[in-house]
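Some notes on the structure that comes next.
The values are calculated or read from the model by the stated rules, or taken from the named source; none is laboratory data. All figures in this text were calculated on a predicted structure; none of them were measured in a lab. When we count neighbours, we look across all protein chains shown, and the Cβ atoms used for this are built from the backbone with ideal geometry, even at glycine. For the accessible areas, the whole protein counts, side chains as well, though only heavy atoms, and no ligand, DNA or RNA atoms are used. Shrake-Rupley method; radii C 1.70, N 1.55, O 1.52, S 1.80 Å.
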Amino acid sequence: MTARIIDGNALSAEIRGQLAERAAALKAKGITPCLAAILVGEDPASAVYVRNKVAACEKAGMRSIKDVYADDVDPAVVFARIAELNADPSVHGILVQLPLPKHFDSEAVLESISPEKDVDGFHAENVGALMQGNPRFIPCTPYGVMKMLESANVPLKGAEVVIVGRSNIVGKPMAMLLLAKSCTVTICHSQSKDLAFHTRRADILVAAVGRAKMITGDMIKPGATVIDVGINRMTDGPNAGKLCGDVDFETAKEVAGVITPVPGGVGPMTITMLLTNTLEAAERCAK
Ligand code: GUN
């Protein structure tokens with residue numbers, strides 16, 4: 001039997017429709033939700049992500065500001081701009097696209113964003129709040145995954161969850177969110193011994209490593225829910241240039257009970273949750 005697919009585009013469209021209504025209600029009170037996005041350097045994937053984030057804002061009736069700096073910009077220029085955006089009451093959310101060039105202290109940049117405007121949820125204060133079970137902003141990708149699990153009615157209480165990947169952006173916050181829902185969580189990474197031993201135990205498997213098709217059908221428990229966070233570009237074969245996930249969809253869908261595709265799965269949800277966080281930040285200002 002082939003797996004049930006969670007359509008990230010359809011779920012995103014539904015949520016974005018609701019967000020547009022909330023944005024319109026705020027506008028009627030004289031507040032236009034506004035996201036400021038900062039991009040440093042010419043990484044093509046980052047440029048596409050920022051372009052998509054800004055375009056999604058506009059489409060949902062929110063304002064956006066996009067600041068692009070050259071790869072060799074003096075970090076002081078970026079810090080000064082963040083301070084300006086922090087102080088601007090018309091700006092509700094600020095994000096700095098990662099990764100930053102090597103001469104930047106990324107941690108210092110993230111800490112310089114006002115925690116009240118940190119719509120990525122990467123500031124230490126917000127990471128701490130999430131860890132304590134009292135989040136202010138939930139990081140967008142794990143937030144989107146939680147919405148997908150909810151929409152597909154995947155049972156969470158007591159579920160065995162295996163997350164492959166331990167990044168600050170996905171793996172770690174994902175673990176915290178699922179732990180808060182009473183899952184039993186295992187985090188695997190590049191040094192884990194016998195990865196397949198762990199993945200085959202998972203009722204819910206989250207792949208967030210950034211390695212094309214590394215999770216194959218034989219690594220999945222029959223009937224499991226498989227969430228593919230990877231966005232990789234295939235380098236060879238007949239599909240060279242096309243996107244694929246960390247999961248080998250063709251073999252995985254024959255074993256899994258529920259699965260997310262790439263493209264059209266987690267990707268659009270990440271942007272949708274960024275819009276959600278920006279709107280929430282603006283709504284807090286209206287209170
Ligand atoms: N780079 C990869 N994912 C993200 C994200 O969610 N936010 C930011 N700011 N940069 C990223």
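Does residue 60 count as of a type in the set (Gly, Ala, Ser), under 16 Å from the mean Cα position of the chain (by Cα) and crowded, with 19+ Cβ neighbours inside 10 Å?
Numbers: of a type in the set (Gly, Ala, Ser): yes; under 16 Å from the mean Cα position of the chain (by Cα): no; crowded, with 19+ Cβ neighbours inside 10 Å: yes.
When the stated conditions are applied, residue 60 does not pass them.
Would you pick out the residues in the range 118-133 that are within 18 Å of residue 278 (Cα to Cα) and either out of contact with any helix residue (DSSP H, G or I) (no Cβ under 6 Å at 6 or more places or on another chain) or aromatic (Phe, Trp, Tyr) (or both)?
120, 121, 122, 127, 129, listed by residue number.
Conditions first: (1) within 15 Å of the ligand (Cβ to nearest atom); (2) within 15 Å of residue 278 (Cα to Cα); (3) open to solvent by 40 Å² or more (accessible area, probe 1.4 Å). Residue 54 passes all but one, so which condition is the exception?
Here residue 54 clears every test but (3).
Checking the structure you have, find out if any residue of the range 232-241 is touching an Asp or Glu at 6+ places or on another chain (Cβ under 9 Å) and more than 25 Å from residue 136 (Cα to Cα). Don't jump to the end; show me each part of the working.
Of the residues in the range 232-241, the ones touching an Asp or Glu at 6+ places or on another chain (Cβ under 9 Å) are 232.
In the following step, the residues that additionally are more than 25 Å from residue 136 (Cα to Cα) were identified as 232.
Yes.
Here's the yes/no breakdown for (1) assigned to a helix (DSSP H, G or I); (2) over 24 Å from residue 229 (Cβ atoms):
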{"site": "32", "(1), (2)": "no, yes"}
{"site": "53", "(1), (2)": "yes, no"}
{"site": "57", "(1), (2)": "yes, no"}
{"site": "79", "(1), (2)": "yes, yes"}
{"site": "89", "(1), (2)": "no, yes"}
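Just to be sure before I move on: is residue 48 within 17 Å of the chain's Cα centre (by Cα), within 16 Å of the ligand (Cβ to nearest atom), under 19 Å from residue 101 (Cα atoms) and free of Cβ contacts under 8 Å to residues at least 40 places away in the same chain in the structure I sent? Before you say what the answer is, go through the steps one by one.
Numbers: within 17 Å of the chain's Cα centre (by Cα): yes; within 16 Å of the ligand (Cβ to nearest atom): yes; under 19 Å from residue 101 (Cα atoms): yes; free of Cβ contacts under 8 Å to residues at least 40 places away in the same chain: yes.
When the stated conditions are applied, residue 48 passes them.
Take residue 213 and tell me if it is within 16 Å of the ligand (Cβ to nearest atom), modelled with pLDDT of 95 or more and buried (at least 17 other Cβ atoms within 10 Å of the Cβ). Let's see the steps before the verdict.
Numbers: within 16 Å of the ligand (Cβ to nearest atom): no; modelled with pLDDT of 95 or more: yes; buried (at least 17 other Cβ atoms within 10 Å of the Cβ): yes.
No; evaluated as a whole, the condition is false for this residue.
Working only within the range 95-111, note down all residues that are assigned to a loop (DSSP other than H, G, I, E, B) and of a type outside the set (Phe, Trp, Tyr).
Within the range 95-111, the first condition is being assigned to a loop (DSSP other than H, G, I, E, B), and the residues that meet it are 97-105.
Selection gives 97, 98, 99, 100, 101, 102, 103, 105.
Quick one: how many residues across the range 242-264 are open to solvent by 40 Å² or more (accessible area, probe 1.4 Å) and assigned to a strand (DSSP E or B)?
Total satisfying the criteria: 1.
Residues checked against (1) aliphatic (A, V, I, L, M); (2) free of Cβ contacts under 8 Å to residues at least 60 places away in the same chain; (3) in contact with a helix residue (DSSP H, G or I) (Cβ under 7 Å, 6 or more places away or on another chain):
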{"site": "217", "(1), (2), (3)": "no, yes, yes"}
{"site": "223", "(1), (2), (3)": "no, yes, no"}
{"site": "230", "(1), (2), (3)": "no, yes, no"}
{"site": "253", "(1), (2), (3)": "no, no, no"}
{"site": "258", "(1), (2), (3)": "yes, no, no"}
{"site": "263", "(1), (2), (3)": "no, yes, no"}
{"site": "266", "(1), (2), (3)": "yes, no, yes"}
{"site": "274", "(1), (2), (3)": "yes, no, yes"}
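Taking the range 147-197 on its own, how many of its residues are in contact (Cβ under 8 Å) with a residue 60 or more places away in the chain, within 16 Å of the ligand (Cβ to nearest atom) and outside any helix (DSSP H, G or I)?
Qualifying residue count for the region: 2.
Among the residues of the range 216-241, how many are surrounded by fewer than 19 Cβ atoms within 10 Å (Cβ to Cβ) and in a loop (DSSP other than H, G, I, E, B)? Even if it seems obvious, please write down each step before you answer.
We begin by selecting, within the range 216-241, every residue surrounded by fewer than 19 Cβ atoms within 10 Å (Cβ to Cβ); these are 216-218, 222-223, 232-241.
Restricting the remaining residues to those that are in a loop (DSSP other than H, G, I, E, B) gives 216, 222-223, 234-241.
Adding up the residues that qualify gives 11.
Being buried (at least 17 other Cβ atoms within 10 Å of the Cβ) and small (Gly, Ala, Ser) is the filter here, so list the residues in the range 128-157 that pass it.
If the condition is that a residue be buried (at least 17 other Cβ atoms within 10 Å of the Cβ) and small (Gly, Ala, Ser), then 129, 144, 152 are the ones that fit.
Is it the case that residue 270 is in a helix (DSSP H, G or I) and either open to solvent by less than 50 Å² (accessible area, probe 1.4 Å) or under 19 Å from residue 57 (Cα atoms) (or both)? Please lay out each step first, then the result.
Working: in a helix (DSSP H, G or I): yes; either open to solvent by less than 50 Å² (accessible area, probe 1.4 Å) or under 19 Å from residue 57 (Cα atoms) (or both): yes.
Criteria met by residue 270.
Can you tell me which residues in the range 89-110 are within 14 Å of the ligand (Cβ to nearest atom) and surrounded by 14 or more Cβ atoms within 10 Å (Cβ to Cβ)?
Narrowing the range 89-110 to residues within 14 Å of the ligand (Cβ to nearest atom): 93-101, 104, 106-107, 109-110.
Answer for the range 89-110, where residues must be within 14 Å of the ligand (Cβ to nearest atom) and surrounded by 14 or more Cβ atoms within 10 Å (Cβ to Cβ): 93, 94, 95, 96, 97, 98, 100, 101, 104, 106, 109, 110.
Find the residue count for the range 201-215, including only residues that are in a loop (DSSP other than H, G, I, E, B) and under 17 Å from residue 156 (Cα atoms).
Step one: list which residues in the range 201-215 are in a loop (DSSP other than H, G, I, E, B), which gives 201-203, 208-214.
Now restrict to residues that are under 17 Å from residue 156 (Cα atoms): 201-203.
Of the residues in the range 201-215, 3 are in a loop (DSSP other than H, G, I, E, B) and under 17 Å from residue 156 (Cα atoms).
Checking the structure you have, find out if any residue of the range 34-43 is more than 13 Å from the ligand (Cβ to nearest atom), open to solvent by 40 Å² or more (accessible area, probe 1.4 Å), in contact with a Cys (Cβ under 6 Å, 6 or more places away or on another chain) and not hydroxyl-bearing (Ser, Thr, Tyr). Please lay out each step first, then the result.
So in the range 34-43, the residues more than 13 Å from the ligand (Cβ to nearest atom) come out as 34, 42.
If we keep only those that are open to solvent by 40 Å² or more (accessible area, probe 1.4 Å) too, we end up with 42.
The next check asks that each one be in contact with a Cys (Cβ under 6 Å, 6 or more places away or on another chain); those that pass are none.
The answer is no, given that none of the residues of the range 34-43 is more than 13 Å from the ligand (Cβ to nearest atom), open to solvent by 40 Å² or more (accessible area, probe 1.4 Å), in contact with a Cys (Cβ under 6 Å, 6 or more places away or on another chain) and not hydroxyl-bearing (Ser, Thr, Tyr).
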